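Participant: Following this message is one structure expressed as structure tokens.
The values are calculated or read from the model by the stated rules, or taken from the named source; none is laboratory data. Note that the coordinates shown come from a computational prediction; the quantities given were computed from them, not determined experimentally. A quick note on method: Cβ atoms are made from the backbone with ideal geometry, for glycine too, and the neighbour counts reach across all protein chains shown. All accessible areas refer to the heavy atoms of the entire protein, side chains included, with ligands and DNA or RNA removed. Shrake-Rupley method; radii C 1.70, N 1.55, O 1.52, S 1.80 Å.
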Amino acid sequence: MSIFRSSFRGRPRFPVFGGGSTAFTRSHCPFVNSYLFIPLFSHLPSICAIYIFQTSPNDYYVKDISNKTRSALAARARAGKYLSSGVYGYAKDPHDKNKLIPDPETAPIVRRIFSMTVSGISFRAIARTLSSEGILTPAAVKGVSPRKETTRPTDWSATTINGIIRNPAYLGKLVYGKSRKVSYKSKKQIASPEDQLIVTEGTHEPIVNQDVWNLANEIANRHRKSSRTGKTHIFSGLLFCQDCGSSIAQADKAFICQRYRAFGKSENGCSSHRIPYKLLYASVLASVQEVTAEARRDRDGLIAKLSGIGQKQQQAALAAARKTQAKTEKRLAEIGELIRKAFEKNVLGDLPDDVYKSLTDGYTRERAELTAHLETVTEQIADLMKETDNATRFVELAEQYADITELDRDLIHRLIDRIEIGESYKEDGIRCQEITIYFRFVGRI
């Protein structure tokens, strides 16, 4: 009998060899023992083959390499190392290929895209503008995309603009592991859960600040429709029905409830909530003029008003909460020291076991109560500070707009979160309609 070896893993050849009644092949694969037994009987019309193959060691080896590679990349990501081909608006540091620095040529374009989005310009219109100016797309910029060439280097799309607006890299942080493969055997990728993402803050210089990024994403999240020219009315994405909560859509020179448009006044419908454009414009303009004028006239008074309580009362409440917090933290530290001393005395035999147990049980109960109380006080302090911070942020924003004579989309979306339209009614023969404005950071004033 002769033994031949096959060099192709998993698919051994079938040579006929030897002078015995049985022949078999064996593969050369590491960790694999694979045999093919072929009984040879010249008087039989066919060959009976029994194939015994073991692949689990090879699978384990490949999977182990995959896991080690993934772990090594994750460790580098946690250390703030950039691991991809590039981000539009950034270039790789010539002294450290794993660090990003703003690109003097493309970073201003990223800032411009955010500014245009905040101003209310649609993604489609932004893409059309950049294309008409001959600005290269991210896929055409060297170092951003792994492609070697692109056939349409200046053809921007709304999808590309959306990807830039959503990218947290422009805040100076990196997010690793947004997608993952289903298996090391498959190239199919799925989105990773948020709790599995690796987020590293402050890895590079931001191109836009947090407020601009948040506002651009808020505007992008608002449902709005634009014409084929990319134009949208200045209130788009802000108007809602006060009764059913549906969006208010433009119809000719007025706005009506979308649910009314779809179902009329049926059981599933609503009333029209129709409001003329001129009336809505005049009402919002008057409200914005009033609040911006008050912000310039009495800044501290408006902050106190928006905080919900008087400024002195708020400061007193915050001081009292912080005093309670410090007192509680001090007592918790004392309890920890008392428990430690009691343990040492008990070990040395100076404190009987029953006394030690009684003391520690009492300290443990008190510590649990104080810990819960400390959490409540900490939340109270955070709420008080948030109220003041939000009021201050809004007033600082309102102060930027002086002597407003007309509205534009940029101003409205910077100052206002939501506008609710009530149904019109008549009072003493006069048409009335409630318009509720919710301002950014502070809500209804």
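Participant: Scan segment 87-115 for residues that are within 13 Å of V141 (Cβ to Cβ), of a type outside the set (D, E) and open to solvent by less than 40 Å² (accessible area, probe 1.4 Å) and jot them down.
Facilitator: Hits for segment 87-115 are V87, Y88, G89, Y90, A91, T106, A107, I109, V110.
Participant: Find all pairs meeting these conditions: Cβ atoms under 7 angstrom apart; at least six residues apart or on different chains; first residue within segment 360-380 and open to solvent by 60 Å² or more (accessible area, probe 1.4 Å); second residue part of a helix (DSSP H, G or I) and hydroxyl-bearing (S, T, Y).
Facilitator: H373/T328
Participant: Name every residue in segment 421-440 that is in a strand (DSSP E or B) and within 27 Å of N221 (Cβ to Cβ), in order of residue number.
Facilitator: Residues satisfying the conditions are I421, I435, T436, I437, Y438, F439.
Participant: Assuming L407 fulfils every condition listed in (1) assigned to a loop (DSSP other than H, G, I, E, B); (2) of a type in the set (A, V, I, L, M); (3) out of contact with any Leu (no Cβ under 7 Å at 6 or more places or on another chain) apart from one, which condition is it?
Facilitator: Result: L407 passes all but (3).
Participant: While we're looking at this one, here's another question. Could you please tell me which pairs satisfy a Cβ distance under 6 Å, a separation of 6+ or placement on different chains, a first residue in segment 138-161 that is at positive phi, and a second residue that is modelled with pLDDT under 90?
Facilitator: G143/G86
Participant: From the set of residues in segment 205-261 that are surrounded by fewer than 19 Cβ atoms within 10 Å (Cβ to Cβ), of a type in the set (G, A, S) and at pLDDT below 85, which is nearest to I113 (Cα to Cα)?
Facilitator: Restricting to residues being surrounded by fewer than 19 Cβ atoms within 10 Å (Cβ to Cβ), of a type in the set (G, A, S) and at pLDDT below 85, the top hit is A220.
Participant: From R418, R393, R414, which residue is touching a Phe, Trp or Tyr at 6+ places or on another chain (Cβ under 7 Å), part of a helix (DSSP H, G or I) and under 30 Å from I248 (Cβ atoms)?
Facilitator: R393
Participant: Condition first: open to solvent by less than 60 Å² (accessible area, probe 1.4 Å) and either out of contact with any helix residue (DSSP H, G or I) (no Cβ under 8 Å at 6 or more places or on another chain) or small (G, A, S) (or both). Now tell me which residues in segment 337-348 satisfy that.
Facilitator: A342
Participant: If you take the residues of segment 140-181 that are surrounded by 17 or more Cβ atoms within 10 Å (Cβ to Cβ), among the aliphatic types (A, V, I, L, M) and closer than 19 Å to K92 by Cβ, which of them is modelled with the highest pLDDT?
Facilitator: I164
Participant: Ok, one more. Looking only at segment 295-325, filter to residues that are open to solvent by 40 Å² or more (accessible area, probe 1.4 Å) and closer than 21 Å to L397 by Cβ; which one of those is modelled with the lowest pLDDT? Walk me through it before giving the result.
Facilitator: Within segment 295-325, the subset open to solvent by 40 Å² or more (accessible area, probe 1.4 Å) is 296-300, 305, 308-309, 311-313, 315-316, 319-320, 322-325.
The next check asks that each one be closer than 21 Å to L397 by Cβ; those that pass are 296-300, 305, 308, 311.
Details: R296: 84, R297: 85, D298: 83, R299: 82, D300: 80, K305: 78, G308: 64, Q311: 54.
Checked segment 295-325; the qualifying residue modelled with the lowest pLDDT is Q311.
Participant: Y401 is checked against (1) surrounded by 11 or more Cβ atoms within 10 Å (Cβ to Cβ); (2) part of a helix (DSSP H, G or I) and fails just one. What number does that condition carry?
Facilitator: Every condition holds for Y401 apart from (2).
Participant: Given the options K357, K345, K426, name the one that is in contact with a Leu (Cβ under 6 Å, 6 or more places away or on another chain) and either of a type in the set (F, W, Y) or over 26 Å from R296 (Cα atoms) (or both).
Facilitator: K345
Participant: Can you name the residue in segment 116-126 that is surrounded by 22 or more Cβ atoms within 10 Å (Cβ to Cβ) and modelled with pLDDT of 85 or more and, of all such residues, is farthest from A220 (Cα to Cα)?
Facilitator: The extreme case among them is I126.
Participant: Could you list, ordered by first residue, the pairs with Cβ atoms under 7 Å in which the first is in segment 325-338 and of a type in the set (V, I, T) and the second is assigned to a helix (DSSP H, G or I), at least 6 apart or interchain?
Facilitator: Listed by first residue and then by second, the contacts come to T328/L370; T328/H373; T328/L374; T328/V377; I335/Y363; I335/E366; I335/R367.
Participant: D354: farther than 23 Å from D211 by Cα and outside any helix (DSSP H, G or I), yes or no?
Facilitator: Here the answer is no, as D354 does not meet what is asked.
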